[in-house]
């Protein structure tokens, strides 16, 4: 039975997922370069540790998004995110001298089952810093995948992704 007050997590099968997580009360706990780097580096390292292959990511002061391909079973996602949230919360609380403060609120995940949806979500996540007015060009934001994507993806694929509209996506992103 689904609970109406919490996101539903259906992680029974291997696949590609989009994940969004937000901070408690949308507070900007990660508003400095050092703190953004903390979450960014932990996200990339833990994705490898748990066998998730990141396709796109964006880390901002009060939330993050990523698109990743799961290992054989997606059931490791809660453990992956629990470790990411626990480690980053402990470190930011240590920096602020506020042990035990609640930092992360919850996360939302959705399995991507259609190619067009996958392409649109890649475009959305790569450009999330632009969407939030943090930068004018996504590749200039070092805590997202846009620069990496620009450097490593074939030009034809970059152009394909860039042309996918994102205005009809249903993504939790009111941060």
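The values are calculated or read from the model by the stated rules, or taken from the named source; none is laboratory data. On a predicted model such as this, the values are computed, not experimentally measured, just so you know. We place every Cβ from the backbone using ideal geometry, glycine too, and count neighbours over all the protein chains shown.
Taking residues in region 85-108 that are without any contact (Cβ under 8 Å) to a residue 24 or more places away in the chain and at negative phi, and partners anywhere that are in a helix (DSSP H, G or I) and surrounded by 13 or more Cβ atoms within 10 Å (Cβ to Cβ), the pairs with Cβ atoms closer than 9 Å and at least 6 places apart or on different chains are 98/92; 99/90; 99/93; 101/24; 101/89; 101/92; 101/93. Please determine whether any residue of region 152-163 is touching a strand residue (DSSP E or B) at 6+ places or on another chain (Cβ under 7 Å), in contact (Cβ under 8 Å) with a residue 24 or more places away in the chain and not in a loop (DSSP other than H, G, I, E, B). No, region 152-163 contains no residue that is touching a strand residue (DSSP E or B) at 6+ places or on another chain (Cβ under 7 Å), in contact (Cβ under 8 Å) with a residue 24 or more places away in the chain and not in a loop (DSSP other than H, G, I, E, B). Scanning region 149-164 for residues that are under 19 Å from the mean Cα position of the chain (by Cα) and surrounded by fewer than 16 Cβ atoms within 10 Å (Cβ to Cβ) yields 150, 162.
Do you know which of the residues in region 120-141 that are assigned to a helix (DSSP H, G or I) and touching a helix residue (DSSP H, G or I) at 6+ places or on another chain (Cβ under 7 Å) is nearest to residue 159 (Cα to Cα)? Don't jump to the end; show me each part of the working.
We begin by selecting, within region 120-141, every residue assigned to a helix (DSSP H, G or I); these are 120-126, 128-131, 138-140.
Now restrict to residues that are touching a helix residue (DSSP H, G or I) at 6+ places or on another chain (Cβ under 7 Å): 122-123, 126, 129-130, 138-139.
On the way: 122: 12, 123: 10, 126: 13, 129: 19, 130: 17, 138: 15, 139: 14 Å.
My answer is 123.
Being at pLDDT 95 or above, loosely packed, with under 13 Cβ neighbours inside 10 Å and either out of contact with any strand residue (DSSP E or B) (no Cβ under 8 Å at 6 or more places or on another chain) or part of a strand (DSSP E or B) (or both) is a condition met by no residue of region 56-78.
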